[in-house]
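The values are calculated or read from the model by the stated rules, or taken from the named source; none is laboratory data. Here the structure is a predicted model, which is why all the values come from computation and not from measurement. Don't worry about glycine lacking a Cβ; one is built from the backbone with ideal geometry, like all the others, and counts go over all protein chains shown. Please note that ligands, DNA and RNA were not included when accessible areas were found on the heavy atoms of the full protein model with its side chains. Shrake-Rupley method; radii C 1.70, N 1.55, O 1.52, S 1.80 Å.
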Amino acid sequence: MALASGVRFAPRALLRPWALLRGTTLGRTEPAAGGGGDGARRFGSQRVLVEPDAASGVAVMKLRNPSNALSLELLTELVISLEKLENDKTFRGIILTSDCPRVFCAGLDLTEICGRNPAHCAEYWKAMQELWLRMYLSSLVLVAAINGACPAGGCIIALSCDCRVLADNPKYRIGLNETLLGIIAPFWLKDTYVNTIGHRASEQALQLGSLFPPAEALQVGLVDQVVPEDQVQSTALSEMARWLAVPDHARQLTKNMMRKATADRLLRQRDADTQNFVSFVCRDSIQKSLQAYLEKLRQRKG
Ligand SMILES: CCCCCCC/C=C/C(=O)SCCNC(=O)CCNC(=O)[C@H](O)C(C)(C)COP(=O)(O)OP(=O)(O)OC[C@H]1O[C@@H](n2cnc3c(N)ncnc32)[C@H](O)[C@@H]1OP(=O)(O)O
């Protein structure tokens with residue numbers, strides 16, 4: 001955890017992401033459309049495409065999984081891409097967005113916790129914790145360009161960023177809807193919510209499982225800007241410029257001051273949180289309701 005101009009306070013060795021990489025294609029580098037030098041080279045994997053712009057120090061990271069559900073592979077590839085950019089001093093900011101039409105991120109991949117054994121559920125939840133910790137404490141500026149639906153785990157990914165721009169489409173709702181699935185947001189999701197929209201609004205929204213349409217999301221403070229869909233990327237870039245105008249070390253230390261206690265709470269209780277998650281989701285009753293929910297999602301299609 002070095003502190004200097006390229007401050008790096010994210011706990012790098014929380015977990016070895018490479019150990020989780022099972023048959024992914026991460027590490028491929030390909031020239032961006034139009035060719036160009038190193039600054040124009042994309043890298044990434046099957047599920048995460050990174051378009052780095054060395055000149056501006058900003059990389060656009062695009063999720064491209066089906067519905068961008070957070071599968072174990074997607075979580076792992078996200079952590080690795082983030083780490084790669086964190087370790088490259090060229091980069092100061094990441095715009096996180098979706099390459100998947102109408103969905104920013106569908107939250108936990110329910111197939112990772114339905115009909116799986118406890119060991120798999122534990123591995124999966126640790127990967128979820130890992131991504132949240134790395135994003136929440138990232139020394140880079142993270143701007144979420146939310147161009148689709150953003151429920152539950154998707155909302156947490158967005159809330160781990162420093163700033164959120166949401167496309168003005170009533171179908172693109174954002175929030176923690178866990179209670180409607182019969183599950184409970186763990187304390188660190190709740191803490192992230194409270195840190196963003198305050199205690200009373202979180203109390204209501206969490207119990208009701210509210211998914212906010214854009215105008216309401218803006219009003220409650222879940223997002224910072226709502227703009228027409230075709231302006232999401234440009235607005236995210238303008239926001240990024242505003243954040244990058246601040247000297248890195250001052251911004252990074254301030255971010256750390258604001259977020260460290262919340263992250264430390266999970267770090268202190270990580271194993272207990274994992275055990276709690278596993279014993280909860282492996283209950284017969286929870287498995288049945290998750291299965292029914294998945295079935296409903298599949299039938300809704302078409
Ligand atoms: C102690 C316990 C702690 C638990 C804490 C847990 C914290 C976090 C919880 C979560 O994140 S739970 C997941 C919550 N997510 C949702 O409720 C979203 C569900 N999905 C949707 O509402 C919609 O799919 C969408 C995201 C709005 C997209 O709609 P669209 O019409 O574009 O696509 P669909 O046709 O609905 O779906 C396509 C395809 O994707 C599958 N799918 C969607 N979401 C998920 C998911 N979360 N997990 C797994 N699979 C998902 C859906 O079934 C379709 O599959 P196929 O039919 O193509 O196989």
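Could you run through region 101-115 and say how many residues are assigned to a loop (DSSP other than H, G, I, E, B) and open to solvent by 10 Å² or more (accessible area, probe 1.4 Å)?
First, the residues of region 101-115 that are assigned to a loop (DSSP other than H, G, I, E, B): 101-102, 104-107, 109, 113-115.
The next check asks that each one be open to solvent by 10 Å² or more (accessible area, probe 1.4 Å); those that pass are 101-102, 106, 109, 114-115.
Here the count works out to 6.
How many residues, within region 246-264, are part of a helix (DSSP H, G or I) and either surrounded by 12 or more Cβ atoms within 10 Å (Cβ to Cβ) or within 16 Å of the ligand (Cβ to nearest atom) (or both)? Lay out the reasoning, then the answer.
Step one: of region 246-264, the residues part of a helix (DSSP H, G or I) are 248-264.
Now narrow it down to the ones that are either surrounded by 12 or more Cβ atoms within 10 Å (Cβ to Cβ) or within 16 Å of the ligand (Cβ to nearest atom) (or both): 248-249, 251-253, 255-256, 259-260, 262-264.
Selection size over region 246-264: 12.
Residue-wise test of (1) modelled with pLDDT of 95 or more; (2) within 16 Å of the ligand (Cβ to nearest atom); (3) under 21 Å from L211 (Cβ atoms).
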| position | (1), (2), (3) |
| --- | --- |
| R42 | no, no, no |
| V60 | yes, no, no |
| N68 | yes, yes, yes |
| E83 | yes, no, no |
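For region 293-302, which residues satisfy the criterion of being more than 17 Å from P151 (Cβ to Cβ) and either modelled with pLDDT of 95 or more or not polar (S, T, N, Q) (or both)? Break it down into steps so the answer makes sense when it comes.
First pass over region 293-302, keeping only residues more than 17 Å from P151 (Cβ to Cβ): 295, 299, 302.
Passing the criteria: E295, G302.
Looking at (1) touching a residue at least 24 places away in the same chain (Cβ under 8 Å); (2) of a type in the set (V, I, T); (3) more than 17 Å from M135 (Cβ to Cβ), can you tell me which one V220 breaks?
With (1) touching a residue at least 24 places away in the same chain (Cβ under 8 Å); (2) of a type in the set (V, I, T); (3) more than 17 Å from M135 (Cβ to Cβ) applied to V220, the lone miss is (1).
At least 1 residues that are under 14 Å from the mean Cα position of the chain (by Cα), within 16 Å of the ligand (Cβ to nearest atom) and not basic (K, R) in each: list the helices (runs of 4 or more DSSP H) lying fully within region 138-229 that qualify. Don't jump to the end; show me each part of the working.
Details: elements: 153-159, 187-197, 199-208, 214-220.
By residue number, 153-159, 187-197.
Looking at V194, V232 in this structure, which one is at pLDDT 95 or above, open to solvent by 30 Å² or more (accessible area, probe 1.4 Å) and farther than 27 Å from Q291 by Cβ? Talk me through it step by step, then tell me what you get.
Details: V232 fails: open to solvent by 30 Å² or more (accessible area, probe 1.4 Å).
The unique qualifying residue is V194.
Given the condition more than 16 Å from the ligand (Cβ to nearest atom), open to solvent by 40 Å² or more (accessible area, probe 1.4 Å) and not basic (K, R), answer yes or no: does some residue in region 265-287 qualify? Don't jump to the end; show me each part of the working.
Keep residues of region 265-287 that are more than 16 Å from the ligand (Cβ to nearest atom), which gives 267-268.
If we keep only those that are open to solvent by 40 Å² or more (accessible area, probe 1.4 Å) too, we end up with 267-268.
Then drop every residue that is not not basic (K, R), which leaves 267.
Looking for residues that are more than 16 Å from the ligand (Cβ to nearest atom), open to solvent by 40 Å² or more (accessible area, probe 1.4 Å) and not basic (K, R), one finds at least one in region 265-287, hence yes.
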